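Chemist: Quick one: structure below, then a few questions.
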Amino acid sequence: MVTMKDIAARAGVSVATVSYCINNTKSVKPATRDRIMQAVQELGYIPNDSAQTLRSRSTQEFGVVFPDIDDLGESEILKGIAAAAEAQDYSLQIALSTSTPKLEQKIIERFLRKQVEGLIILTCQPENTDFFRNTVGVSNVPTVFIDRMPEKIDANFLGFDTYRVCLQLTARLIDAGYRRIALVAGHRRFFSEMESIRGYTDAMDERHMPPGAVQIVETDLTKEAAFRQAMFHLADDPPQAVITTSNPLSLGVMEAFNLTAVDVPGRTCVITLGADCWNRSNYLPNVIHTAQAAYALGQHCVELLLKNRKSPQFFEKEFLLFPDNVDDLALPPAPALTAPAPARDRLRLLVPSLPTVDAMQAIAREFELAHNLRLEVDCVSYHELFEAITRLADTGEGAYDLYLFDVSWLEYVARRGVFLDLTDFLQQHETLRHSLLWRNLQNCCFDGRCCGFPLVGGSHMLFYRRDLFDNPFVRRQFEAMYNAPLQVPRTWTEFNAVARFFTREHNPYSPTACGTTVIGSIHEDCALEILTRLWSYGGDLFDENGRPCLNSPQNIKGLQSLLETCRYAKRGIAAMTIEESFRAFGAGETAMLLSFTEYASLIRSNVEGSIISRIDCAMLPGRTPVNVGWNLGIAKSTPHQALAQEFLTWLCHRRTSYYMTILNGQSVVTYPHQNHELRKLFPWLALVEEGQSRSRSRRYPIVGRSRWITPAETEMILYRMFHRLLSGKLTVWEAAEQGQAALLRLLQ
């Protein structure tokens, strides 16, 4: 096989000079280039995809990289590129990155290896300046960036004048009497989105609007993300006008407004920046669209590449913003701000603060409108909720129609007969029963009877930084340290080794400060950290006869494993909460996170934009996850029994389950787990059923010799034992012995 060394020997030059010539990475004298290319042809050297490419030194091909083409504007830009390229006898290699930085990098590197004659890039990672500087920045391949420009890169940039259009739109709305105007835009790291925000805020300042009138909603540039943000920030109290910076964002906002019966444009005027199009059927009904010259921008991309190739020495890079005419847009009169009509009835719920509860409240407007009622949701602490359920068990009276209870309380509420028996209700609604994931339904049943209805399910799993695990340098370093390949840990021994590697105190070259986090601030969360270790080493709190066995050899191994993990965890374990663990993971401080799909929505709210697409998930190490979930129980004393049951039915509707999943990333219903769009958005959905099948339930004693025992009492024993271990005042054996004694006293 002919190599560059053979070419260098034939042409009488160095191998480096051959590389510069063939890869076009450095200037080579014309005479030297001719000798090298003659040697290439004589020896038949083929470095690229085609020998013809080398002989002609021209691919007549441009590479085009887009995140996707869901937006009408993006598809119009692509049409303009294709038309202009075809007119000049150029072909296109088009690739979609699906907004995945790693895939985008791979595509660009492949195009450069193919020696395309130009690149047109709509990047999903403009903040990754180093990558672009070290690839297109040194390649001598003419490049045009669209919409999003990496800093300090010498390349052409074409975009739309979003600053001017948002400035003008906002000013016109204010002049027309609008006083509550919101802007829904992408993240500021994108040039066009930052300019949109700047135009909106400048118009607010120029018209002397009060600071409280500014309402900016930043989100990912997808309809799902826009829907989520609109449900949480706009739908409950909609402004008079909403400006969105792209068609997908307007789709998400309109989905939220349609769901919550917000009249557009009667109650809220929605305006979106979009491509110029003659046929209104391309537009959302009742949404006002601007007319960006997207097709012309696409054509100009090709014109710039051709000019750059024709005169590379004297070509001046171009920075051009295309105007967007809004003068002829007809704005409706400013809608009046009116208070909603009072509801005829109400349904009251007592719940803990959970992401799924937030999602339920956000979409409950649909149920409220259908039944002319108001859903009143009161959030209390874990302890206060259990006390309220205990009072209900003792007296039979309570102020609420529905209560949420943890699956670990199932035996307690079942044996005390706290809630309405739903067995017959579920038997009568076969479709409803079969729509629930099997494990979630089982979490409501005790001794063959159903005393609740699942709202929260999901699974206990491992989230990790896929980009770190795939990084070649990191992988080589790990293999040198452990003489084993870096892989997603399957056991707690592997987990501790990986966590140690990613902890800078033990590995100065670690890309993260710590390997993981350990939650130790709240007794129920701390208990889950402990139980997964005990179970995976063959231990448990109680033996088959119900006797405490915390001091068994298996449990000692599990506690030692957890104690070692604490050495590689972020400091402040005693104060670490679920929310703080996600913040640390999202900020890039830790490489791995052990948590539940119930809290997966916290990934999107806490993870930085440059990291979000680099996260993956896997089964929990040890493969003994905790069975988790929360169930709704209907109070026996409620005067709204039929309405409460109708509410449970509504929660399981296919459409409701889709909305709940988009807002929170988890569902107890089967439909979202089978939907390809949702599985793509939330990859952990594919693992939930397997995780649930392997999970173990917390079985705590609930009856002592003379009283009821609450689950919290058992968990507090584990919590105190763990904190004694953290203090270093006790050995693992001593702490286990003290915990064993406390469990024995509890049963007395």
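Chemist: How much net charge surrounds W409 when only the other residues with a Cβ under 13 Å from the Cβ of W409 are counted, with Lys and Arg +1 and Asp and Glu -1?
Modeler: After counting each charged neighbour, the total is -2.
Chemist: Quick check: convex hull over the Cα atoms of the stretch 355-438, volume per residue in Å³, rounded to an integer?
Modeler: 145
Chemist: Report the FRET efficiency, 1/(1 + (r/R0)^6), for E151 and M481, where r is their Cβ-Cβ distance and R0 is 35 Å, rounded to 0.05.
Modeler: After rounding to 0.05, the efficiency reads 0.50.
Chemist: May I ask for the net charge around H371, where only other residues with Cβ less than 12 Å from the Cβ of H371 are counted and Lys, Arg are +1 while Asp, Glu are -1?
Modeler: Working: positive: R344, R346, R365, R374; negative: D345, E366, E368, E646.
So the environment of H371 carries a net charge of 0.
Chemist: Measure nothing but the geometry: give the 0 to 90° angle between the long axis through the Cα atoms of 654-664 and the longest principal axis through the Cα atoms of the chain, rounded to 10°.
Modeler: 80
Chemist: Please list, short to long, the whole-number percent of alpha-carbon pairs of the stretch 637-722 in consecutive 5 angstrom bins beginning at zero.
Modeler: Percent of Cα pairs in each bin: 3, 12, 14, 11, 10, 13, 16, 13, 6, 1, 0.
Chemist: What's the extension gain from K307 to Q38 if we count 0.36 nm per residue and subtract their Cα-Cα distance?
Modeler: Working: separation 269, 0.36 × 269 = 96.84 nm, distance 2.80 nm.
Separation in residues times 0.36 nm, less the Cα-Cα distance, equals 94.0 nm.
Chemist: Using Cα pairs closer than 8 Å and at least 6 residues apart in sequence, work out the relative contact order for the chain, in percent.
Modeler: 11
Chemist: Something else: Note the full-extension length gain between R391 and A339 as 0.36 nm times their separation in residues minus their Cα-Cα distance, in nm to one decimal.
Modeler: Contour length minus Cα-Cα distance gives 15.0 nm.
Chemist: Calculate, in nm to one decimal, what R679 and C445 gain on full extension: separation in residues at 0.36 nm each, minus their alpha carbon distance. List each step's numbers first, then the result.
Modeler: Values: separation 234, 0.36 × 234 = 84.24 nm, distance 2.84 nm.
Additional length available on full extension: 81.4 nm.
Chemist: Once you place label points 7 Å from the Cα toward the Cβ at R571 and R172, how far apart are they in nm?
Modeler: Modelled inter-label distance: 5.6 nm.
Chemist: Need one number: nm distance between label points at R654 and V214, each 7 Å from Cα along Cα→Cβ, rounded to one decimal.
Modeler: 4.5
Chemist: From the phi of every residue in the stretch 65-77, what ³J(HN,Hα) in whole Hz does the Karplus formula 6.51 cos²θ - 1.76 cosθ + 1.60 yield, where θ is phi - 60° and glycine or proline is x?
Modeler: With the stated coefficients, the stretch 65-77 comes to 10, 10, x, 6, 10, 5, 7, 4, x, 5, 5, 5, 4 Hz.
Chemist: So in the chain, what percent of DSSP beta bridges are antiparallel if you round to the nearest 5?
Modeler: Antiparallel bridges: around 35 percent, rounded to the nearest 5.
Chemist: Need one word for the chain: rounded, prolate or oblate. Basis is the Cα gyration tensor (sqrt eigenvalues a ≥ b ≥ c); a/c below 1.5 gives rounded, then a/b vs b/c decides.
Modeler: Verdict is oblate for the chain.
Chemist: Now for a separate question. Looking at the stretch 492-616, I'd like the Rg to Rh ratio, where Rg is from alpha-carbon atoms and Rh is Kirkwood's inverse mean 1/r. Write down the numbers at each step before the final one.
Modeler: Details: Rg = 15.6 Å, Rh = 15.3 Å.
Checking Rg against Rh, the ratio lands at 1.01.
Chemist: Tell me which residues come under 5 Å, amide H to amide H, from R346 once H is placed; ignore anything under 5 positions away on its chain.
Modeler: Amide H to amide H, under 5 Å and 5 or more residues apart or across chains, R346 pairs with R374.
Chemist: So who's got an amide H within less than 5 Å of the one on V64, skipping anything under 5 residues away but keeping other chains? H placed 1.01 Å off N, in plane.
Modeler: Under 5 Å from the amide H of V64: Q93, I94, A95, I120.
Chemist: A further question follows. Mind checking which aspartates and glutamates have their C-alpha under 14 Å from K570, skipping anything on the same chain fewer than 8 residues away?
Modeler: Filter leaves E505, E579, E580, E589.
Chemist: On a 27 Å Cα-Cα criterion, which of the cross-link pairs K557/K680; K114/K317; K29/K114; K106/K680; K223/K307 come out too long?
Modeler: K557/K680; K223/K307
Chemist: Ratio of Rg to Rh for the stretch 264-340, alpha carbon only, Kirkwood? Intermediate results must be reported in sequence, preceding the final value.
Modeler: On the way: Rg = 19.2 Å, Rh = 15.8 Å.
Result: Rg/Rh = 1.22.
Chemist: Report the FRET efficiency, 1/(1 + (r/R0)^6), for R179 and R374, where r is their Cβ-Cβ distance and R0 is 22 Å, rounded to 0.05. Display every interim value, and only then the final one.
Modeler: Values: r = 27 Å, r/R0 = 1.22.
Efficiency, from the Cβ-Cβ distance: 0.25.
Chemist: Would you mind telling me the share, in percent, of accessible area of the chain contributed by carbon and sulfur at probe 1.4 angstrom?
Modeler: On the way: 15700 of 32150 Å².
So the carbon and sulfur contribution to the accessible surface is 49 percent.
Chemist: Given H placed 1.01 Å from N in the peptide plane, which residues other than close sequence neighbours of A291 have an amide H under 5 Å from its amide H?
Modeler: G274, N325
Chemist: Can I ask one more? Applying the Karplus parametrisation 6.51 cos²θ - 1.76 cosθ + 1.60 with θ = phi - 60° to the phi angles of the stretch 494-499, what ³J(HN,Hα) value in whole Hz is obtained for each residue in order, glycine and proline being reported as x?
Modeler: Using θ = phi - 60°, the values come out as 5, 4, 5, 5, 5, 4 Hz.
Chemist: In whole Hz, what ³J(HN,Hα) sequence does the stretch 675-687 give by Karplus (6.51, -1.76, 1.60; θ = phi - 60°), x for Gly and Pro?
Modeler: Each residue's phi maps through the Karplus curve to give 8, 5, 5, 6, 5, 6, 5, 10, x, 5, 4, 5, 9 Hz.
The values are calculated or read from the model by the stated rules, or taken from the named source; none is laboratory data. Predicted model, so just to flag it, every value in this text is computed and none were measured. Cβ atoms come from the backbone with ideal geometry, glycine included; neighbour counts cover every protein chain shown. Each accessible area value is taken on the protein alone, full model and side chains, heavy atoms only, with ligands, DNA and RNA left out. Shrake-Rupley method; radii C 1.70, N 1.55, O 1.52, S 1.80 Å.
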